[in-house]
1. In whole angstrom, how far apart do the alpha carbon centroids of the range 195-271 and the range 298-371 sit?
2. Using the C-alpha gyration tensor of the range 185-237, what are the square roots of 5 times its eigenvalues, in whole angstrom, with the largest one first?
3. Under 14 Å from the Cβ of GLY147, count the other residues' Cβ atoms, weight Lys and Arg +1, Asp and Glu -1, and hand me the total.
4. Specify, per residue and in Å³, the volume enclosed by the convex hull of the alpha carbon atoms belonging to the range 91-187.
5. Under the 0.36 nm per residue contour assumption, what length would be gained going from the current alpha-carbon distance of LEU329 and THR285 to full extension?
6. Which entries in LYS156/LYS369; LYS133/LYS323; LYS114/LYS372; LYS275/LYS372 show an alpha-carbon gap greater than 25 Å?
Amino acid sequence: MLYYIQLQHTFLVVYISKENKPMIRLITKCFAAATLSLILALSPVPALPLPTCMALPQLAYASASPRGNTPGNLQNGGAAAEADGWIYFYEDGNLCKARPGENSQILIPDINSKLSDPFWGNMNIAGGHLFFKTLHGTIYKVPLEGGTPQEFFPAKTPFGVGTCEFITSGDWLYFNYETTTGMERTSIIGRIHLDGTGGQILRDGRGAEMYWLLDVSDDTVYYAGIRHEENIFYNYRIPASGGTPQPLDFIPYTPILQVVDGWIYYRDSIDNSIKRIHPDGSGLTVIHSRPAAMSFNVAADGEWIYFSSLAQAHESAAYMRVKTDGSNLQSLGEITMYHASVAGDRIISLINGNMRMIPQESGTPRLEKTSK
């Protein structure tokens, strides 16, 4: 079997015998990290094939930097982001922008016609560009003033099937790239400069692991994962420049975790309550427990948490918000907003459509539908 991997001006050709099927999986898993390193233009390039899956490289330490979107938005589809007084969002097949309280302006009409496959959120704003991904995992970028989207990071290579999620922080883009080659899903966590240079692998999926990139905050990458060989789910954090992962053993496993203003906000997978705790494990606080939250989103101002409630007996599902200290619970309407991003006065969902929050004298905004 011949694998062709295109670098900038050359091709790397790898031959694997079809007769040795067990070797195909073993070598492919070990090559996944090495191949991605080559695609990311690491220097020096490690020799191929590696006898074992590659060790973590020695990396320069990254400085604390603002993210390209809130972790709450990115964990809820990332269909909206805001910067410099503008809200950027997906609506009715178009990439749009608006100022709070104003009507939508189309930035890129019929954006899906300009992409390899459909737009799929994960919007980040960094370096004067808007980054986003497609359904199958290609990362694109486009200038904030509009233009033609340019492919930044391809989806499929011989050793991977696309980016699952990504977060920009400073001049880095951190990503989780799926490398599944067999029955078990596996992935790699890495980072690359916003100009497309200097790629580095932080977690290489050894031990048949699949990751979910949750947040990057204060020089720390937070992620969840599953170790297939033991069927164990876990939460870890690792320095943004690489190093030894540390388990978050002071909270139960959760796929919903957002680090905001010195707090780790998370949904307790046992009772679906929203809690917060300091990164050192102190100050555990229950913010909200009833009605149970399906997901949640800590807004950019750090003042409100938005969430869809789980409908229980004698209860209707509703979209709600509560202060981050647990006070002033408000129902914004008996509607469900799955995977909703909150940016300015907009609530954007790729599944349920878009809403705008209209201020009211009562202090609880009224939701107004803005998309078809």
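Derivation of every value follows stated rules applied to the coordinates shown; laboratory data play no part. Bear in mind that the values here come from a model prediction, so they are computed numbers and not experimental data. Here the Cβ positions follow ideal geometry from the backbone for every residue, glycine too, while neighbour counts run over all protein chains shown.
1. Here the two parts' Cα centres lie 27 Å apart.
2. Square roots of five times the eigenvalues give 22, 14, 7 Å.
3. Spelling it out: positives minus negatives among the neighbours equals +1.
4. Considering the Cα atoms of the range 91-187, their hull volume per residue is 114 Å³.
5. Between LEU329 and THR285, full extension yields 14.2 nm more.
6. Table pairs above 25 Å Cα-Cα are LYS156/LYS369; LYS133/LYS323; LYS275/LYS372.
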